[in-house]
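Engineer: Below is a structure I'd like to ask you about.
The values are calculated or read from the model by the stated rules, or taken from the named source; none is laboratory data. Model, not experiment: these values are computed from the prediction. Because the Cβ atoms are built from the backbone with ideal geometry, glycine has one as well, and the counts that use them run over all protein chains shown.
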Amino acid sequence: MADDPELNGLGKDPSAFTKLAQATARWTGKPATFFVALGIIVIWGLSGPIFGFNDTWQLVINTSTTIITFLMVFIIQNSQNRDTAAMQIKLDELLSKVEGAREELMDLEELDEEELAGLKKTFEKRAQIARNGGDPDERLF
């Protein structure tokens, strides 16, 4: 398997953005990071009387949280895209190796909504047949 030409290039260094996104996702997903953020909000709230709850005091937290949220959307989406792609590849590998598995089910994420809905109905029918004691392996495609 190590000589598999399809796997050439795996394990090479990820891009700088991927490294940054992974490190940021790991760091922001920790409980300590949540408590740091909570602490900042509490300190900000307690500082309100010192600044007279003025517009600048409000603008600081509003601007900060907006910028952080905006950037985190891209980090989260990048992580989700990578995780989903990896999972799809793993599932496709399993389908390609399991005897009796229908390889036409590989790469379903590329189908449009109508095609996916049709396949879902097919599997719902299979589940209903199985619940009623029938043979769910009966081909409904």
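The rows are residues; the columns are (1) in a helix (DSSP H, G or I); (2) modelled with pLDDT under 90; (3) surrounded by 11 or more Cβ atoms within 10 Å (Cβ to Cβ).
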position	(1), (2), (3)
W44	yes, no, yes
V60	yes, no, yes
T63	yes, no, no
Q88	yes, no, yes
L91	yes, no, yes
L116	yes, no, yes
A130	yes, yes, yes
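Engineer: Hey, another quick one. For segment 102-137, what are the residues that are within 26 Å of the chain's Cα centre (by Cα) and of a type in the set (A, V, I, L, M)?
Structural biologist: L105, M106, L108, L111, L116, A117, L119
Engineer: Would it be correct to say that G48 is small (G, A, S) and on the phi > 0 side of the Ramachandran plot?
Structural biologist: Against the criterion (small (G, A, S) and on the phi > 0 side of the Ramachandran plot), G48 does not qualify.
Engineer: Go through (1) over 26 Å from A25 (Cβ atoms); (2) within 16 Å of the chain's Cα centre (by Cα) and name the single condition L95 misses.
Structural biologist: Here L95 clears every test but (2).
Engineer: Please name all residue pairs, on different chains or six or more residues apart, with Cβ atoms under 8 Å, provided the first residue is in segment 107-135 and is within 19 Å of Q88 (Cβ to Cβ) and the second residue is of a type in the set (S, T, N, Q) and at pLDDT 90 or above.
Structural biologist: D107/Q88; E109/T84; E109/Q88
Engineer: Among the residues of segment 36-70, write down those that are aromatic (F, W, Y) and closer than 24 Å to Q80 by Cα.
Structural biologist: The answer is F70, and nothing else.
Engineer: Given (1) at pLDDT below 95; (2) in a loop (DSSP other than H, G, I, E, B), identify the lone condition not met by F53.
Structural biologist: Of (1) at pLDDT below 95; (2) in a loop (DSSP other than H, G, I, E, B), only one is false for F53: (1).
Engineer: Further question: Given (1) assigned to a helix (DSSP H, G or I); (2) in contact with an Asp or Glu (Cβ under 9 Å, 6 or more places away or on another chain), where does L71 come up short, assuming only one miss?
Structural biologist: The failed condition is (2).
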